[in-house]
Amino acid sequence: MRRPFLALFVSPAVLVAAGFVLAMAAVLQYAVLAHVPGELEPGGFSFSNFREMTKPLYAGVFLDTVRICFLTAVLSLLAAYPLALALVRARNAYVRSAILIISVTPLFLGEVIRTYAWIIVLGTRGFINGALMSLGLIERPLSLMFTETGVLIALVHVTLPVVVIMLAAAISHIDRDLEKAAAALGAKPLRVFLTVTLPLSMPGIVAGLTTGFAWTFSAFATPQLIGGGKVNMVSNLVYSLGFASFNFPFAAALSVAGLVLTAIALSAFKLLLRPLNRVGAR
């Protein structure tokens, strides 16, 4: 069977992939060059950048990044599932539209704009502290800025729309007759959800977790501005070394290590979540 337009349709993806490979090759080339203090031009061939990464300071940043990404993915899933379920199951079209707009709006805002908005909300005189103090629930403002808690809240807001879309796609493909059959056999709504709806939505849960993790790994503006230098992730460390210390070879090595770590983490995610995916496929 001839497909005359196949090459035309595939060529843009091939060009993008080629550009990505060339860019990564240039970064890898820098990663194996030595840094010359006081000079912008790198020195000769060296693996010292990768040996430097094993120091506790840099290894701790990688571990913190993985932990923050994992927590963000899990919290985004917990917040997104009720929204996705309501988006798919709401009978009123206006309610569905409102949920969709509220859920997806963060995608249309720039990362810096979202981050500055959260600075206003999380500040000592921000909306959260103001509301809690006016209700008499706290006497002193909570420390949300420059903390991991504040960074997690802002990152969940960034990741939530993507997870909602993936979960909504999975839930929309669930046959409602299966839920009706379980209810007809005497199962209460909670049991119907736990034994029918939740297992059948596992492909969306797995996709949401893995995408949320990968989506957060490259976050820069949110940990940089809300973390204030106290919550470091790999991207912030790359920026500090590359543009503050002008140690471009080490920054390139960190970028390569971050990409490799992302691939390893996603592979581990796939292995750990494979039983859940099999549950949804039954």
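The single condition among (1) crowded, with 17+ Cβ neighbours inside 10 Å; (2) modelled with pLDDT under 90; (3) in contact with a helix residue (DSSP H, G or I) (Cβ under 6 Å, 6 or more places away or on another chain); (4) not hydroxyl-bearing (Ser, Thr, Tyr) that Leu155 does not meet is (2). Scanning the stretch 8-55 for residues that are loosely packed, with under 10 Cβ neighbours inside 10 Å, at pLDDT 80 or above and either more than 32 Å from the chain's Cα centre (by Cα) or in a loop (DSSP other than H, G, I, E, B) (or both) gives Thr54, Lys55. Looking at Thr211, Thr216, Thr222, just one residue is under 21 Å from Val151 (Cβ atoms), part of a helix (DSSP H, G or I) and touching a Lys or Arg at 6+ places or on another chain (Cβ under 9 Å), and that residue is Thr222. Just one of the listed residues (Thr105, Thr124, Thr149) is closer than 23 Å to Leu225 by Cα, in contact (Cβ under 8 Å) with a residue 12 or more places away in the chain, part of a helix (DSSP H, G or I) and among the polar types (S, T, N, Q), namely Thr105. Entry remark, the stretch 193-238: residues being crowded, with 17+ Cβ neighbours inside 10 Å, over 30 Å from Lys180 (Cβ atoms) and over 12 Å from the mean Cα position of the chain (by Cα) number 14 in total. Listed by first and then second residue, the pairs with beta-carbon distance under 9 Å, at least 6 apart or on different chains, first residue in the stretch 227-243 and among the basic types (Lys, Arg), second at pLDDT 85 or above and not in a helix (DSSP H, G or I), are Lys230/Phe146; Lys230/Thr147.
The values are calculated or read from the model by the stated rules, or taken from the named source; none is laboratory data. Just so it is clear, the structure is predicted and the values come from calculations on it, not from any experiment. Every residue, glycine among them, receives a Cβ derived from its backbone with ideal geometry; neighbour counts consider all protein chains shown.
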